[in-house]
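The values are calculated or read from the model by the stated rules, or taken from the named source; none is laboratory data. The structure displayed is predicted, hence computed values, not measured ones. Backbone-built Cβ (ideal geometry, glycine too); neighbour counts: all protein chains shown.
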Amino acid sequence: MTPAVAGIKAIHSIGEGHRTWVDALPDFLVPTTVEERGQAVTRMLPFDKSRIFPYAYRHSYAQRHADAGVAPDVLKELMEHSDLKTTQNYYRVSQERRRDAVDRVVALQFDRNGTRVWRKAQSLLDSEHVRRAIGEVSVPYGVCQEPSNVAAGGQSCPIRFRCVGCDHFRTDVSYLPDLQAYLADLLRCRERLMSAFAADDWARSEAMPSQEEIRRVRRLIERVKADLGDLTTEEQAQIGEAVAVVRRSRSVMLGMPRIGQPLPDVHTTRTA
């Protein structure tokens, strides 16, 4: 028998042996949500043993470490992956961890004028978490809470996404990299239009970013950084972890100007 054939047979034997062992185990009762008489109820039902197979252990290993707070780059090394994206496909951010991250991030939430919306970190009620999920829509550097725009999935903005001039706009510390990228885009656009760019005056005027918009975005960035600078090193580290969780679970909104999601760096240099 060739080594290749022997190897294939060994793999099959391991899989078959594992399946025999799993099938012989007693039932594992797990809480399961089922529908009874039109209502969702939780019952203790047997776990589907077909979902227990050797490769699934790698996913369980990754999930347990992620839930324990192991940093993604450390988990990547533990799993011997060459690409961090591969590691992130092996686990999901737990709901509890995501909620904790949201609580931390919204403590540093600002309106269009750079005014803190929540002055203290506080635990949000279940209804508030749901409201944040269905009562707002993402924009490249924050969220919009205008009802008609939310209902239209972000496609019904009457001021063409000039968010920093709208009272329905909110941003927070997790959007700091996006705010910085947006400011850079505005400055590049202005410089290009001020150069020898071939366009009619009316088109150039319409496309030119206003000095007020640039000032507003710059002020928001400075405000977020100032509040981060008031935190201790430990608090900044906690915010940094929360930002990473929130950004990983954030969906990209279609129909809006695309701004990439660079790795967050919310640490600031503290002055003596």
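What to note about this one:
- Candidates in segment 132-165 are the residues that are among the charged types (D, E, K, R) and under 22 Å from residue 214 (Cβ atoms); of these, the one that is modelled with the lowest pLDDT is 160.
- Scope segment 74-95; condition in contact with an Asp or Glu (Cβ under 8 Å, 6 or more places away or on another chain) and at pLDDT below 75; matching residues: 94
- Qualifying residues in segment 157-176 (those that are touching a Lys or Arg at 6+ places or on another chain (Cβ under 8 Å) and part of a loop (DSSP other than H, G, I, E, B)) - the one farthest from residue 109 (Cα to Cα): 166
- Residues that are among the aliphatic types (A, V, I, L, M) and not in a strand (DSSP E or B) within segment 27-68 comprise 52, 56, 62, 66, 68, listed in sequence order.
- Long-range neighbours under 8 Å by Cβ, at least six apart or interchain, first residue farther than 29 Å from residue 23 by Cα within segment 51-76, second loosely packed, with under 15 Cβ neighbours inside 10 Å and hydroxyl-bearing (Ser, Thr, Tyr): 76/86
- Qualifying residue in segment 159-170 (condition: buried (at least 18 other Cβ atoms within 10 Å of the Cβ), more than 30 Å from residue 74 (Cβ to Cβ) and acidic (Asp, Glu)): no
Per-residue answers, yes or no, for (1) in a strand (DSSP E or B); (2) surrounded by fewer than 17 Cβ atoms within 10 Å (Cβ to Cβ); (3) in contact with a Leu (Cβ under 8 Å, 6 or more places away or on another chain):
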| site | (1), (2), (3) |
| --- | --- |
| 148 | no, yes, no |
| 155 | no, yes, no |
| 178 | no, no, no |
| 183 | no, no, no |
| 206 | no, yes, no |
| 209 | no, no, yes |
